[in-house]
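A.B. asks: This is the structure, below, for whatever I ask next.
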Amino acid sequence: AQKITQTQPGMFVQEKEAVTLDCTYDTSDQSYGLFWYKQPSSGEMIFLIYQGSYDEQNATEGRYSLNFQKARKSANLVISASQLGDSAMYFCAMREGRKGDTGRRALTFGSGTRLQVQP
Amino acid sequence: DTGVSQDPRHKITKRGQNVTFRCDPISEHNRLYWYRQTLGQGPEFLTYFQNEAQLEKSRLLSDRFSAERPKGSFSTLEIQRTEQGDSAMYLCASSVTRGGKPYEQYFGPGTRLTVT
């Protein structure tokens with residue numbers, strides 16, 4: 001089974017509108033972390049936002065917020081007031097394992113969603 | 001520039017040749033990761049170092065692949081007897097165990113390998 005599923009290969013949004021990028025995950029660990037990264041055409045992965053499994057509040061970072069629904073195992077990224085520079089690939093990722101574990105520090109990534117912001 | 005750097009940015013090689021990539025992490029970061037990304041996919045984990053110790057290796061890392069991190073600073077990833085299926089972007093990332101956002105990994109610009 002896929003550990004990270006991003007069901008939207010591509011999304012379009014009008015400039016200044018909000019957009020939600022979907023992500024569902026699968027893990028049996030109680031402690032895990034969820035990440036969103038942006039990858040512009042230049043190729044570099046840019047960290048956007050992090051949500052810990054024990055965090056009670058949804059994470060927010062500027063125009064980015066993470067809609068974390070633990071029971072549904074979803075961690076959707078919401079981008080408010082889209083800008084042309086937001087056009088990029090967006091990847092959801094998960095790190096499993098308890099704090100203090102020396103292993104399993106790797107991130108497991110989904111297949112990504114290509115977002116195109118239209119003027 | 002104080003981010004993660006990778007060298008070279010692009011490498012074209014013939015099948016059967018050996019290639020070596022270098023990654024310089026952010027200076028205070030003690031953890032270093034290698035990932036591989038093929039076209040249209042998310043990055044896939046290859047291996048992970050904490051300081052100079054290689055603590056985890058993916059099954060993707062065949063015996064033709066070897067990674068080192070001498071003295072816990074920069075890291076090298078070598079691929080021996082390259083195959084066309086090795087063509088991909090090789091990404092390096094680093095993170096720190098204290099301070100900053102927990103478990104956040106900072107990525108370098110990647111090395112794009114093309115095997116002809």
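The values are calculated or read from the model by the stated rules, or taken from the named source; none is laboratory data. The structure presented is a predicted model; accordingly, all values stated were derived computationally and were not measured. Positions of Cβ are generated from backbone atoms using ideal geometry, with glycine treated the same way; all protein chains shown enter the neighbour counts.
A.B. asks: Within region B:60-113, which residues are among the aromatic types (Phe, Trp, Tyr) and modelled with pLDDT of 95 or more? Give the steps one after another, and end with the answer.
C.D. replies: Here is the first cut: in region B:60-113, the residues among the aromatic types (Phe, Trp, Tyr) are B:65, B:74, B:90, B:103, B:106-107.
Those that are among the aromatic types (Phe, Trp, Tyr) and modelled with pLDDT of 95 or more: B:PHE65, B:PHE74, B:TYR90.
A.B. asks: Which ones in region A:22-37 are surrounded by fewer than 21 Cβ atoms within 10 Å (Cβ to Cβ) and not hydroxyl-bearing (Ser, Thr, Tyr)?
C.D. replies: Residues satisfying the conditions are A:ASP22, A:ASP26, A:ASP29, A:GLN30.
A.B. asks: For the condition touching a residue at least 24 places away in the same chain (Cβ under 8 Å), more than 14 Å from chain A (Cβ to nearest Cβ) and touching a Leu at 6+ places or on another chain (Cβ under 7 Å), what is the one hit in B:SER94, B:SER75?
C.D. replies: Only one candidate qualifies: B:SER75.
A.B. asks: Collect the residues in region B:11-50 that are among the basic types (Lys, Arg) and in contact with a Phe, Trp or Tyr (Cβ under 8 Å, 6 or more places away or on another chain), keeping them in residue-number order.
C.D. replies: Scanning region B:11-50 gives B:LYS11, B:ARG22, B:ARG31, B:ARG36.
A.B. asks: Tell me yes or no: at least one residue of region A:97-110 is closer than 29 Å to B:ARG31 by Cα, in contact with a Cys (Cβ under 9 Å, 6 or more places away or on another chain) and touching a residue at least 40 places away in the same chain (Cβ under 8 Å).
C.D. replies: For region A:97-110, residues closer than 29 Å to B:ARG31 by Cα, in contact with a Cys (Cβ under 9 Å, 6 or more places away or on another chain) and touching a residue at least 40 places away in the same chain (Cβ under 8 Å): present.
A.B. asks: Something else: Testing B:GLN37 on (1) under 10 Å from the mean Cα position of the chain (by Cα); (2) closer than 18 Å to A:PHE109 by Cβ; (3) at pLDDT 95 or above, one condition comes back false. Which one is that?
C.D. replies: Here B:GLN37 clears every test but (1).
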